[in-house]
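The values are calculated or read from the model by the stated rules, or taken from the named source; none is laboratory data. What you see is a predicted model, and the numbers here were worked out from it, not measured in a lab. Here the Cβ positions follow ideal geometry from the backbone for every residue, glycine too, while neighbour counts run over all protein chains shown. Ligands, DNA and RNA are stripped out before the accessible areas are found, and what is left, the full protein with its side chains, is counted by its heavy atoms. Shrake-Rupley method; radii C 1.70, N 1.55, O 1.52, S 1.80 Å.
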Amino acid sequence: MVAGNGLFYPIFGFASLVLFIYMSFGDMRLGFEEGPEVSFVGRNGTQFVLDGKPFYINGWNSYWLMVQSVDDYSRPRVREMLRAGAKMGLTVCRTWAFNDGDYNALQTSPGVFNEQAFKALDYVIAEARRHGVRLLLSLVNNLHAYGGKTQYVEWAWQEGVGLSSSNDSFFYDPSIRSYFKNYVKTILTRKNTITGIEYRNDPIIFGWELINEPRCMTDPSGDTLQDWIEEMSAFVKVIDKNHLVTVGLEGFYGPNDPKRLTVNPEAWASRLGSDFIRNSKTVNVDFTSVHIYPDHWFREEVYEDYMKFVSKWMLSHIEDGDKVLNKPVLFSEYGLSDTIKNFSLSNRENMYRVILNIIYKSAKKRRSGAGALVWQFLAGGMTEFLDDFGMVPWERSSTYSLFVEQACRLAKLNGWTQRDMSFKEFC
């Protein structure tokens, strides 16, 4: 010890100052409460597996979690939503892991990131871990909202390297592909400032979705999109061998598939450049994704026709998962718009009950229909995010009960876990 030469007290004082700064600012993990222990979800043929047992999903979409976590005033909504989802027994939430060039953007320009927004995504993942809810994270939007492929094309033009002004050049322009790969690598290798875990090593992340609802209408053959899917899914797997990967498809059958004539909603659906079977067969795609929006896909049908279509649509894709793809089928969005003629909440609940029943029957028979995620749940007071599908589930007891009942049924099939104790009393 150096007390004898007079150096002890200055050194002790300096060390105390360093410790104070570290405790105050250096490590946000000190305030993090670890949630229940979680394992990675895997796949065995047509089933998701968790801890060696089949895992069938009852979940929801709240795309807004990251953007609502940026500011202190809105962050409590995220905790409220994840806590409510866990209490209802929901197991997976799908949300955006992108915001390109928009307000509070995560990526402000190619390869340039907003640390405040990144910490917001850190918070979402940490809160999901706290409540035991897994996240399906989508990496880019085919649509304009939150930047999407349009923003990438604009960036390429601004930098003078873009090949085309077409939004679809996102899929084939080498510069844009490089932008996106850099983005993906940054996301996957991000070390969470709250949990201290790199995203690629965090089992609370259920999986990665390459793109929300991809369409490449300038190449209806599907070759351009297929090439992009093959390249990007392989790229993800090189960096992250822990997580499952899906494309983010709507589920439309392609131009050479006989089901385009018997199952697709209308003729236009086979001319979008996507191809459910071909895209889903990609070797590095672990599970398929399908959406269900009959009221948006048909021009002149009525509610009774929507209901017939829903059953036919789901059973066709489950058959594909079982007999053609040997992969799980996740119905990652479904909804009934409140703008349709003669809309009623009871009609919406009836449609959702049909969807959940088909999943339950698939689970009982250990088939490929692996789960469904409703679009979309909101917390109270979020009128600015309310679309024609949005709902606050606890504001209507019949809606709330519908999802809790499904959670109970699946938990009994999957086998009760410690996490399930939080809602078992409602079963």
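Okay, here's what the table says:
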quantity: Test result for A105, within 17 Å of the chain's Cα centre (by Cα) and of a type in the set (A, V, I, L, M); calculated: no
quantity: Tally, over segment 232-256, of residues that are under 26 Å from P203 (Cα atoms) and either in contact with a Lys or Arg (Cβ under 7 Å, 6 or more places away or on another chain) or not charged (D, E, K, R) (or both); calculated: 16
quantity: Any hit, segment 401-408, residues being open to solvent by 10 Å² or more (accessible area, probe 1.4 Å) and more than 24 Å from F426 (Cβ to Cβ); calculated: no
quantity: Residue match in segment 118-131 (condition: charged (D, E, K, R), in contact with an Asp or Glu (Cβ under 8 Å, 6 or more places away or on another chain), buried (at least 21 other Cβ atoms within 10 Å of the Cβ) and part of a helix (DSSP H, G or I)); calculated: yes
quantity: Any chance T108 is open to solvent by 20 Å² or more (accessible area, probe 1.4 Å), in a strand (DSSP E or B) and either farther than 21 Å from F385 by Cα or touching a Ser or Thr at 6+ places or on another chain (Cβ under 7 Å) (or both); calculated: yes
quantity: Residue that is farthest from L139 (Cα to Cα), among those in segment 169-194 that are open to solvent by 20 Å² or more (accessible area, probe 1.4 Å) and of a type in the set (S, T, N, Q); calculated: T193
quantity: For R278: the one exception among (1) within 25 Å of L373 (Cβ to Cβ); (2) part of a loop (DSSP other than H, G, I, E, B); (3) open to solvent by 40 Å² or more (accessible area, probe 1.4 Å); calculated: (2)
quantity: Residue count for segment 132-177, restricted to those that are assigned to a helix (DSSP H, G or I) and either in contact with a Cys (Cβ under 6 Å, 6 or more places away or on another chain) or on the phi < 0 side of the Ramachandran plot (or both); calculated: 18
quantity: Residues of segment 52-63 satisfying the condition of being open to solvent by 20 Å² or more (accessible area, probe 1.4 Å), in a loop (DSSP other than H, G, I, E, B) and in contact (Cβ under 8 Å) with a residue 24 or more places away in the chain; calculated: Y63
quantity: Members of segment 237-269 found to be in contact (Cβ under 8 Å) with a residue 12 or more places away in the chain and out of contact with any helix residue (DSSP H, G or I) (no Cβ under 9 Å at 6 or more places or on another chain), listed by number; calculated: K237, L244, G248
quantity: Subset of segment 412-427 (residues that are open to solvent by 10 Å² or more (accessible area, probe 1.4 Å) and not polar (S, T, N, Q)); calculated: K412, L413, G415, W416, R419, D420, M421, K424, E425, F426, C427
